[in-house]
Every structure is written in C-alpha cells, then in structure tokens.
Amino acid sequence: MKKLLLFFLLLSLVSSPLWAAEPPKLNGQWAGPLKVPGGELKLILTIVPLAGGSYYAALDAPQQRISRMPATATVKGLDITVSIEQAGSRFVGKIGKNGATLQGTWSQPGLKAPLTLTRLEAPKPAVVAGKARLTPPYREEEVSFYNKEAQLRLAGTLTTPAGPGPFPAVVLLSDSGPHDRDVTEQDYRLFGSLADNLTRRGIAVLRFDDRGVGKSQGSHFNTTTADVVTDAQAALRYLRTRPLLDPRYLGLLGHGEGANVALLAAAEPAPAAPAFVVALAAYGVPGRDIIQRQQLEIMRLIGSTPAQVKAALALNKEMIGIIRQTPNDNQARGKVAALLRYHNTDLDPHMARARAVQLTSPWSRYFLDFDPLRALPAVKCPVLLLGGTDDLQVGTSQNLPPLKKGLKNSPVTALRLAGVNHWFQPERKAWPVVNGEPQPVFSPRALDEIREWVFRKTEHPQPVVTGPGQAPKKQLVKSGGSGGKVSR
C-alpha cells in the first residue's frame, strides 16, 4: 500500500539543499494531536530518507482508519512541507530541536490549525516480561539470495520449523513502498508476526527487505511491479536449494501490490511458478481505477464536500490522462506541474515539479496501465484470495469478484473478512491491551484461514504411531484428507 496506496501522495523527490551546517537527519516517526471541532485527532508522520536526497513519507490517522497514506515531503534548510494531495491536506512547518520536533500549521478542507509533531521512539525488539527476546521454538537465520536478472542481492530472514522436515514454505511479498522484512509500522510488524505464527505451526517462511531497504541492494524508487516479480522468482529459486524444505510445496504470500506480484509469478510456466499463492488485498481492477477509488474514499472520510470531491477526482483524471498520453517524461512533467499550479496558485514551483517527477516515475507509469486480470488465465496453481471489509485502499466488493472470475483455470478460495482493514488488523476493540494501550495485531481469523488453507494444499511431517509398543516415526501426512484436519 506507499507508492500504491494513494499514488499521488507517494515517494517524494527532494533535492539535497546546501547547508551552512549539517542538517538533522529526518528518519523515523513523529506524532501529535490535531485539534478539530469536537475533539482531537492523533496524526502520525513517517519519514524515510531515500537515495539522492529524497524522502518517502506517509501519514497515519488511526481514529479515521487512515494508515500508511503516502505523502510528498520537501525539505529546505529547516523548513519542511508535507503534502497529502488526495486528502487535500498539507503541513508546513519548521524542524526543531535537531529533528526532535516538527512545528507548524496543518490545513485541510474547512480546517487550519497549529500542529506540533514529536519524534517517537524507535520500535524496540520484542520483549517478554522486561527481559530480552526469547529464542523462538524454530530455526531462524539471516540469509541472502541473488537476483541474477536484476544483478542485485537481497537480504532477509528464513524461519524453519523444528524437526527434520521437509516443510512447505512461503515467500512473503510486501505492498508498494519501501518496507523492511518485517513490514514495520509503528508497533505493528505485519510480516514479522505472520512469519512467527506460520513457522510455529509447521510452515517455513522467507521474508526479505525490499530493494534499497535494510541490507538489500538496489533502488526502491526505480522499481516497478514487474521488477519485483523477478525478486519473487529469485526467492523461490533460493528456497529450492534448502534441504529442509519440500520443493513440491513452495508458495508465495503477498500483500497489496505483493499479492499481484505473486499472481504474476504464478502465471509463469513451470518450474518458475509457485506451488500455491495466498493473495492478501490483491488488486482486481486497473491501477488508474484504484487511484480514483482511493481518492474518493479518503476525501469522503475527511469530510470533504461533494464539490471538493468532484474537483479532486477531475484533476486526478486529467493528470492520469496527460501521463498516459505523453511518453516523454520531461514533457509530461512540465504539463503536470503546470496543471497542479493552475489548480493551486499557492503551490511552490519546486514542489509541483517534485510531484510531477514522482507521478511519472517508472513505478507510477507501470501502475497506471497495469491490468491485474490480463495474466490470470495462465495461473494454474491453487489461490487463496483474502480481503477485509474495512479496507479503504482495496475494497473487497470492487476487487475480489473480478479476481475470482479471472482465475478461471485455478482452484480458488475467496473470502471477505469482516472488520479487517488493509493491514489485516481486526477492529480496534479486538486488539489486546498492553500497559493500558491497545496493541495492533494481525487478524486471528486471517491467520487461521491462511494456515489451514496451506495445510489443505500441502503435505507436512506428522508423528505417527505405527503399532503397539513401537516408537513414533515421521511420515508425510496430507491435511484435509479422509482423516480430517490436523490440529495445530
């Protein structure tokens, strides 16, 4: 969800300014209360530096169910501007206390108010009763694998269940935007918790840092969806070299854009294709339609008037048309920047140009023309489609039906999970409370559905007693057969 979530708010191109002294490094999360009629809204801003002096930025507003909304950020000296165009919002302020605070003014339709954001502490490693993280009951190792086509090395973590195996395994593929291997969002680790849960129950998991993130090589900004397909294929090739894993049952599990990456990889001929695919919040309509739908949902959510929504959708549609009809990047950027300034005379020319560059990036151009249904008839392996009814980025009613129909040559299971959002968290009232604060968790029902579905499609080691007085021995047992499900 990042480049993809709302698209026009995405990765920012920020040219490196000249400093009289070394500026504070913006890298982390800042949070603060925004006073609104009738109360306060907690806003959380994430800023990640990228190569070339640019920044990735994203906004969270938990009370409004907004998470990881991409934003355009520009920095000049100690001045910072963060623009969330699809929400019609902007923060203009100063960097203070060596980056510890961002103080300025927040503006959105019908509201303009002072806002101070304070840097949050970095997430701490998992602890148990105040002690260091305990050794998990499975094998865990740092690994790396090479993508020969892209000529780069990707780094990640492989977790393998205890026992002799061989075990089924999945590669986790993240949503759009720069993610680490755990997909860390504040106190929530989407892939970290998913990997832990699956591995404890007999499924090996490989998760890795996106290109240009953590210990992985490459550039995230120049990466398209098609490029990530080659990363997924390289990960599968690596898993085939591991002795404890069953080469017959190596699958892909993707979230958001990663789900579509998994389906594209499954459309490839054997042996490159995975044995199965789990697609969480996959896109079932063209990218340009996703952008318009996301814009509509966000504008409604923040209370925009029908006239404001109509104007914003018309502007985005016009920009999309310009980009698709103008293959020359320089020409397209000039037209888009001019259009943005025409509709917002207060917009700084440099920010308008930065947005235009971002909207014509290789990823953006690919996504605008991306039709997720085109390759689906070539998919032959089993597919599990999961979506949440509270997902504002990828609505289940819009995306699940065309995906299921397009996968006409594949055994498909499609489920809509009530109360689950885009990040596969259940409703807030279902979160566990730790130290008086609700803590986000991966939906327990989603975990059960994923685990049991994979077990039904694979074979995995189970202890079986062969007869009276004989010691147990290991043999492969097929789940979901005449003996029923194996309790996990």
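Worth a mention:
- Selected residue (only one of 113, 20, 31 is modelled with pLDDT of 80 or more and more than 27 Å from residue 220 (Cβ to Cβ)): 113
- Residue 303 meets each of the listed conditions (1) part of a helix (DSSP H, G or I); (2) more than 30 Å from residue 455 (Cα to Cα) apart from (1).
- Candidate set from segment 153-164 (those that are crowded, with 20+ Cβ neighbours inside 10 Å and not polar (S, T, N, Q)); member that is modelled with the lowest pLDDT: 161
- Residue pairs meeting the criteria (Cβ under 6 Å; at least 6 apart or on separate chains; first more than 17 Å from residue 290 (Cα to Cα), in segment 302-330; second among the charged types (D, E, K, R) and in a helix (DSSP H, G or I)): 322/335
- Looking across segment 207-251, just one residue is touching a Ser or Thr at 6+ places or on another chain (Cβ under 7 Å), crowded, with 21+ Cβ neighbours inside 10 Å and over 29 Å from residue 47 (Cβ atoms), and that is 249.
- Matching entry among 458, 413 (being modelled with pLDDT under 90 and closer than 21 Å to residue 251 by Cβ): 458
- In the condition set (1) more than 24 Å from residue 149 (Cα to Cα); (2) aliphatic (A, V, I, L, M); (3) surrounded by 24 or more Cβ atoms within 10 Å (Cβ to Cβ), residue 285 is compliant with all but (3).
- Counting the residues of segment 333-366 that are touching a Phe, Trp or Tyr at 6+ places or on another chain (Cβ under 8 Å) and at pLDDT 90 or above gives 0.
- If you go through segment 392-414 and keep only what is exposed (fewer than 15 other Cβ atoms within 10 Å of the Cβ) and either part of a loop (DSSP other than H, G, I, E, B) or in contact with a Leu (Cβ under 7 Å, 6 or more places away or on another chain) (or both), you end up with 408, 409, 411.
- Filtered by the rule that a residue be buried (at least 16 other Cβ atoms within 10 Å of the Cβ) and part of a helix (DSSP H, G or I), segment 342-361 gives 351, 352, 353, 354, 355, 356, 357, 358, 359.
- Failed item, numbered, when residue 199 is tested on (1) crowded, with 22+ Cβ neighbours inside 10 Å; (2) farther than 27 Å from residue 421 by Cβ; (3) β-branched (Val, Ile, Thr): (2)
- Residue satisfying condition, being modelled with pLDDT of 85 or more, of a type in the set (Gly, Ala, Ser) and crowded, with 20+ Cβ neighbours inside 10 Å, within set 174, 144: 174
- Within the option set 48, 14, being within 30 Å of residue 300 (Cα to Cα), surrounded by fewer than 23 Cβ atoms within 10 Å (Cβ to Cβ) and either in contact with a Gly (Cβ under 9 Å, 6 or more places away or on another chain) or modelled with pLDDT under 70 (or both) holds for one residue only, 48.
- When the residues of segment 82-96 are filtered to those that are part of a strand (DSSP E or B) and crowded, with 22+ Cβ neighbours inside 10 Å, the one that is nearest to the chain's Cα centre (by Cα) is 84.
The values are calculated or read from the model by the stated rules, or taken from the named source; none is laboratory data. All figures in this text were calculated on a predicted structure; none of them were measured in a lab. Here the Cβ is made from the backbone with ideal geometry for all residues, glycine too, and neighbour counts use every protein chain on show.
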